[in-house]
Each structure stands twice: as C-alpha cells, then as structure tokens.
Amino acid sequence: MSKVFFTPADVEITDPTRWYQPDKSLVSRLERLIEESSILDNIDKGDIVAVKTHFGDRGTTKMLRSLFVRKVVEKIKEKKAKIYVTETTGLGLTRDRTTAIGRIEIAEENGFTSQTVGAPIIIADGLRGFDAIRVRQNARHLKEVHVARAIAETDFVVAVTHFKLHMRGGVGGSLKNIGVGCVTKTTKFDIHLPSPPEIDKEKCTECDRCVEICPFDAIENYSIDLDKCLKCLGCAEVCEERAIKLGPWLDGDDIAERIVEAAKAVIDTVGKGNFAFLNFAIDITPHCDCHPYSAPPQVSDIGVYASNDIVSIDTASLDAYKKESLTSKALIKEKFWSWTSPERLVEYAEELGLGSRRYELEEIP
Ligand code: SF4
Ligand code: SF4
C-alpha cells in the first residue's frame, strides 16, 4: 500500500465578490501538494534532476500549461539541485518533432521555454533521437531497451504528466510518460510494432528515397540490414510505394505490457527510489498530446495527484476517471478506446514490482 496525495480541481468559492484569492489557484495548491506529499524528499543538494513532461505537438491546445512545470521547478530549486526540463524526440525522421531542433521549436510555440519553466530545456535523446544507453533485461517482450542517455545519467526524475487517454496504450499517465517518454526511437518502435521493417521487393521501385534518408546506411540492394537498422521509421515515412513492410500497430495488452517493460528499464537504470510522480488529471482529452489537435475533454477536471509510487498514482488517477460522468461533448462515448487495455498497464506494472495498486488517498485542500 502506498500513499497518493491529491488536490481537487474544484475549489470552494465562498465569497465570489472577493476577486483576489490566489490561494484558490491550482498553482498555489500544487505547491501545497508538493510540500505536504514530501515527494521530493529524496533529492539531495547538487543532484541533477530531470523534470520530464510533454510539450505537446504543433496544434495541441490542451497539453499541460508551462506554469505548472515552473512551479515544480521552483520547488526542486529549494533543494539546491541542478534542474533541466526534458522530453524526447518522436518516432520517424521527417516530422518536426523527430529532432531535438523541431522538438524545442514546438515546445517554444506551445509556451515552454527556459524562461517560462525556469530551467534549461534539454532533449534527452540527443539531436536526432538515438542517444541512448542500452539496457538488457529478461522480459516477455523487450529484451533490450534504449534509455535516453540524459535520463540514464540523471540522479532523480520528476515526472510531470498530463493524464489523458491514449489511442494505443489506453491512458497516458506516469507509466507512459516514463516508458515511452524516456526512451529513444528504437524502443518507441519496439513498443508500437511487433517486428522490424522489411522491404517488399514486389512493390519497391528502387527510387532510393529510403537509402538516402537512412542515417545508418542500413539499406543495401533494397534490403534492410537489421544489424545496422535502429528502427527509426524514417524509410517508411519517405516510401511513396508503401514498400516498407511493418507489422500491425499494437494495441491492447501487448502494447500496455511493452510500455511497462520500457518503464521498468528506465526505473531500474535511474533507481527506483529516485522518482517522484505528478499526474494532472485535467483536460482529459481522448487523444494523447502527440496529436495535432485537442478534442474536448471526456470528463470534468479532476485534480492533481502526487506520489513516489508509479503504480499507485496511475491506479488512483484511473479509478477517479472511471467514476466521472462523460461530458456531453466527449468524443468517444465509452470511457476508453475500445481496443485498449488501460488496466493492464497498472496490473503488469505491479507484477513487475514497480509499485502497488493498493493506495491510500490523502486529500490536500
Ligand atoms: S523508398 Fe520504397 S520504393 Fe523507394 S527504394 Fe525504398 S523501398 Fe523501394
Ligand atoms: S532502415 Fe532502419 S535505421 Fe534506416 S531508415 Fe529504415 S528504420 Fe531507420
């Protein structure tokens, strides 16, 4: 059983004519939540601390606001730690979000700059998204996980997560923020797809687009050398003939378990006691923040959760979401995308020893 702390999104306004009540702000209450939950207690003076969040894609409008990240950074600064705010690049090579340059440009467009968040922004998997340390593990799906190098070299990670639905993983909570958000393209590929890319010689017109874009010269004689391929998906993006064969995009239990196995590799690398988690269950959109638009939220805002247990915080957030009524504008009229398995995320994470689905909730008003 682990402790999960919670501050609700709803505030009781007893006197609406008093316009200046800053203590009612969710930012003020986030500060109290961090203080009273003691989730940052394991940060030591001089530690390098990563604040891992999601900056959203171009067009996303309901990602987290930068002022929440700034408040978290301010609280970590009180520990005299060295802080950076971080994200990783996306799968592929052609879209803006797939390099550190584009990732930072979009972050700035969405309001995340070193000035707004109060700390430098560093993209954890390097310029092109391949900078990793390789972690081998005896797991059901992922025998090797490419942990983003900056994360691997960090002393403590604070996951500042927008809790929302996800079309593959079910929900995007802390497990997904760590499992997908702290690994490089290669493991993102292995989470989403069951087998490496392969060229269909029947469809290939030998146009050489894939040969030119491949960063590792992995394509010779229109065949992919799997010893060189780092599964970035770049070749598939540029092939107009759809000659790059990919397995079916995964969903259900399969992707849920892969996300958890990647999260385990990240947590084992940094150290289980070196994480704090904040789930913002507000603007719970039907899509994740990689989506280029934001549909109306599925339910009313719930609040913010804090814990040092990744399984407990995601379970508490899931439980609260399931109890809420769908809004009239909810895009999907069920609680989750029907082909996803959000419960499997927390169940498998508990099986792998990442935390407990049993939690005690303490409300911080
Ligand atoms: S891009 Fe497609 S069609 Fe062109 S060489 Fe590569 S696999 Fe063949
Ligand atoms: S062959 Fe592999 S490394 Fe090269 S572009 Fe395709 S997926 Fe990327």
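Among 11, 117, 346, the largest mean-square fluctuation in a Gaussian network model of the chain (Cα springs under 10 Å) belongs to 11. Annotation for the range 20-64: trypsin sites (Lys or Arg not before Pro) lying in DSSP loop with at most 12 further Cβ atoms inside 10 Å of their Cβ are 45.
The C-alpha atoms of the chain define a longest principal axis, and helix 66-77 lies at about 80 degrees to it. Shown in residue order for the range 9-14 are the 3J(HN,Hα) couplings computed by the Karplus curve 6.51 cos²θ - 1.76 cosθ + 1.60 at θ = phi - 60°: 6, 5, 10, 8, 9, 7 Hz (x for Gly and Pro). Of the trypsin sites (Lys or Arg not before Pro) found in the range 284-335, those in coil by DSSP whose Cβ has at most 12 other Cβ atoms within 10 Å are 329, 333. What is the angle, in °, between the Cα long axis of helix 100-109 and the longest principal axis of the Cα atoms in the chain? Nearest 10 is fine, range 0 to 90. It works out to around 40 degrees. Phi-derived couplings, Karplus 6.51 cos²θ - 1.76 cosθ + 1.60 at θ = phi - 60°, listed residue by residue for the range 340-350: 9, 10, x, 5, 5, 4, 6, 5, 5, 4, 5 Hz, with x used for Gly and Pro. Across the range 199-326, how many lysine pairs, 8 or more apart or on two chains, come within less than 25 Å at their alpha-carbon atoms? Counting lysine pairs in the range 199-326 gives 10.
When the chain is fully extended, how far beyond the present Cα-Cα distance does residue 253 get from residue 201, taking 0.36 nm per residue of separation?
Details: separation 52, 0.36 × 52 = 18.72 nm, distance 3.25 nm.
The span from residue 253 to residue 201 would gain 15.5 nm if fully extended.
How would the range 141-195 be classified by its alpha-carbon gyration tensor: rounded, prolate or oblate, with rounded meaning a/c under 1.5 and the a/b versus b/c comparison settling the rest? Since a/c reaches 1.5 but b/c is at least a/b, the shape of the range 141-195 is classed as oblate.
With the Cα gyration tensor of the range 1-113 giving a ≥ b ≥ c as the square roots of its eigenvalues, does the rule (a/c under 1.5 for rounded; else a/b larger than b/c for prolate; else oblate) give rounded, prolate or oblate?
Values: a/c = 2.31, a/b = 1.38, b/c = 1.67.
Oblate.
Within the listed set 241, 202, 334, the Gaussian network model of the chain (springs between alpha-carbon atoms below 10 Å) gives the highest mean-square fluctuation for 202.
Could you tell me how many degrees, from 0 to 90 and to the nearest 10, lie between the Cα long axis of helix 26-37 and the main elongation axis, the longest principal axis, of the Cα atoms of the chain? Compared with the principal axis, the helix lies near 90 degrees.
Given a 1.4 Å probe and the protein chains as shown, residue 212 ends up with an accessible area of around 150 Å². Size check on the range 198-245: the Cα extents along the three principal axes, sorted descending, read 23, 17, 16 Å. Extension gain, residue 332 to residue 216: 0.36 nm times the residue separation minus the Cα-Cα distance gives 37.6 nm. Taking every protein chain into account, the accessible area of the chain amounts to 43 square angstrom per residue (probe 1.4 Å). The mean sequence distance of close C-alpha pairs (under 8 Å, at least 6 residues apart), as a share of the length of the chain, puts its relative contact order at 24 percent. Largest GNM mean-square fluctuation among 137, 298, 21, using the chain with Cα springs under 10 Å: 21. In the chain, helices alone account for a calculated mean residue ellipticity at 222 nm of -8500 deg cm²/dmol, with every DSSP H run of four or more residues adding -39,500 (n - 2.57).
What number, in percent, do you get for the relative contact order of the range 43-158 if the mean sequence gap of Cα pairs under 8 Å and at least 6 apart is divided by its residue count? Write out the running numbers ahead of the final one.
Working: 203 pairs, mean separation 35.3, N = 116.
RCO, the range 43-158: 30 percent.
Taking amide H as placed 1.01 Å from N in the peptide plane, the amide H of residue 82 sits under 5 Å from that of 46, 47, 48, 49, each at least 5 places away or on another chain. The longest stretch of the chain left intact once loop-based chymotrypsin sites (Phe, Trp or Tyr not before Pro) with at most 16 other Cβ atoms within 10 Å are removed from consideration, loops following DSSP, is 21-215.
Would you work out what percent of the accessible area of the range 198-245, with all protein chains in place, is carbon or sulfur (probe 1.4 Å)? Before the final figure, lay out the partial values.
On the way: 1230 of 3090 Å².
Roughly 40 percent, rounded to a whole number.
Length gain on complete extension for the stretch residue 322 to residue 127, per 0.36 nm per residue less the alpha carbon to alpha carbon distance? Taking residue 322 through residue 127 to full extension adds about 66.3 nm, to one decimal. Rounded to the nearest whole angstrom, the semi-axes of the ellipsoid equivalent to the chain, taken from the Cα gyration tensor as √(5λ), stand at 35, 22, 20, largest first. Among 141, 166, the order of accessible area from largest down is 141, 166, computed with a 1.4 Å probe on protein heavy atoms.
Loop-resident trypsin sites (Lys or Arg not before Pro) (DSSP state other than H, G, I, E or B) in the range 200-297 with no more than 12 further Cβ atoms inside 10 Å of their Cβ: 201, 203, 242. If both residues of a DSSP beta bridge must be in the chain, then about 50% of such bridges are antiparallel.
The values are calculated or read from the model by the stated rules, or taken from the named source; none is laboratory data. Please read these numbers as outputs of a predicted model, since none were measured by experiment. Neighbour counts are summed over all protein chains in view; Cβ atoms, including those assigned to glycine, are modelled from backbone coordinates with ideal geometry. Just so you know, the surface numbers come from the protein's heavy atoms only, side chains and all, with ligands and any DNA or RNA stripped out. Shrake-Rupley method; radii C 1.70, N 1.55, O 1.52, S 1.80 Å.
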